[in-house]
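Working notes, structure below.
Read the figures in this text as sums done on the coordinates, not as results from a lab. Bear in mind that the values here come from a model prediction, so they are computed numbers and not experimental data. As a convention, Cβ positions derive from the backbone with ideal geometry for all residues, glycine included, and neighbour counts pool all protein chains shown.
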Amino acid sequence: EATGKSGYDHFMLKEIHEQPRALRQCLQGRVDELGGRVSLDLDLDVERVQFVACGTSYHAALYGAALFRAAGVPAQAFFAHEYAVATPPIEDDLVVGVSQSGETADTLSALREARGRGARTLAVTNVVGSTMARECDDALYIRSGPEIGVAASKTFSAQLAALNLLALHTVGAGDDDRREVIAALRDLPGDVQALLDDTDAEAVAREYVDSDGFFFIGRDKSHPVALEGALKLKEISYAHAEGFPAGELKHGTLALVTEDTPVFAVVTGDGEAARKTIGNVKEVEARGAPVVAVTDGESDVARYADHVLEVPETHARTAAVLANIQLQLVAYHVANELGRSIDKPRNLAKSVTVE
Ligand code: G6P
């Protein structure tokens, strides 16, 4: 097993470091930068989209739905287990199952429900020949290579990249500049490597390992990153953590914010989302909470932060991937400090094949 880990202490840390390669594999042969084109082996006419997924893949689905909406296409992400029993109306929707394993029972069940109601279905998965890939009308493979750690890491990044390809291929970039998005995707593996080579995540983890709880906030494309940051920390460290769309924290959970609950604020770019999230950062700072800003430095969020985890400057879409990797590393190092069973957390399974 030690050789399988290539010198890393855990599979998860190895897989975190495999992300530049996983992303390169995902993009390989699918992006023609000169022509500004994305070519996938999919022939889809997309009017509306419903995503179904669970766990980490649900966070990728939230991000994917945002990309389609940005291109003017109605799109929504659903928890697969909810969708299966309370199926929303389907009107010419493409129903996309996002699943690393392609075997999650809840997601399979939602897709079967959608198919039964006449929807066209697409599996976005890592596993060729998985049940989901076989049962859906089409499959888009994220090509991450096998992931051993129960908590998803490299597959989440590749899901975000693949969903960008899917949106560009079927509905375009919307208000974003297509060439800029494609250039950012091309640069993403190198940007991830630069982040991995120079990160303060371990120091931040050591500083806050004994906290009472952890909060993660972000807006728009940083919202799924906040949710995923919290989930990762819970899964492998067993610390109490919650992620929110940044504006929601003040509507209740602010009551739990103290000087012993660090707040991780994901703030990239300097647009309206960043500005408003900085407003929320000030609210928690005023309650004495330590603030860790995950940022590309384009806004002045660092002024209100106790620590900064930097991400290379890039497009808002790819910034989400990079910010999430800083949070993967924080979760890993907190769990490692606590001596947790990182690759096989208690009570969890890599793939849940019961509903
Ligand atoms: C399990 C795993 C999670 C994963 C979820 C969905 O609960 O522990 O890490 O995100 O299943 O898995 P999938 O294979 O469908 O992405």
Can you sort 322, 27 so the residue with the fewest Cβ neighbours within 10 Å comes first? 27, 322
Taking the number of other C-beta atoms within 10 Å as the exposure measure, put 63, 238 in order starting with the fewest. 238, 63
Shape category assigned to the range 1-150 from the gyration tensor of Cα positions, a/c cut at 1.5: oblate
Past the 32 Å Cα-Cα mark, which pairs from 5/250; 232/282; 276/344; 250/344; 282/344; 154/276? 5/250; 276/344; 250/344; 282/344
When the dipole is taken about the Cα centre of the range 48-162, and only Lys, Arg (+1) and Asp, Glu (-1) are charged at their Cβ, what size is it in debye, to the nearest 20? 180
Contour minus end-to-end for residue 115 and residue 350, with contour as 0.36 nm per residue of separation and end-to-end as the Cα-Cα distance? 82.0 nm
Would you order 191, 175, 300 from fewest to most other beta-carbon atoms within 10 Å of each residue's own beta-carbon? 175, 300, 191
Relative contact order, percent, the chain [alpha-carbon distance under 8 Å, six or more residues apart]: 18
What area, in nm² and to one decimal, does the C-alpha convex hull of the range 295-355 cast on average over all directions? 6.6
Let me have the 222 nm mean residue ellipticity of the chain computed from DSSP H runs of 4+ only, each contributing -39500 (n - 2.57), with the sum over all residues rounded to the nearest 500. -13500 deg cm²/dmol
Can I get the semi-axes of the range 1-84's equivalent ellipsoid? Compute them from the C-alpha gyration tensor as square roots of 5 times the eigenvalues, in angstrom, largest first. 30, 22, 10
Please say if the range 183-274 is rounded, prolate or oblate, where rounded means a/c under 1.5 for a ≥ b ≥ c the square roots of the C-alpha gyration tensor eigenvalues, and otherwise the choice is prolate for a/b larger than b/c and oblate otherwise? oblate
Please work out the FRET efficiency for the pair residue 86 and residue 42, using the Cβ-Cβ distance as r and a Förster radius of 35 Å; give the result to the nearest 0.05. 0.75
Global geometry of the chain, whether rounded, prolate or oblate, following the gyration tensor of its Cα atoms and the 1.5 cut on a/c: rounded
Could you give the distance between the Cα centres of the range 158-187 and the range 216-273, to the whole Å? 25
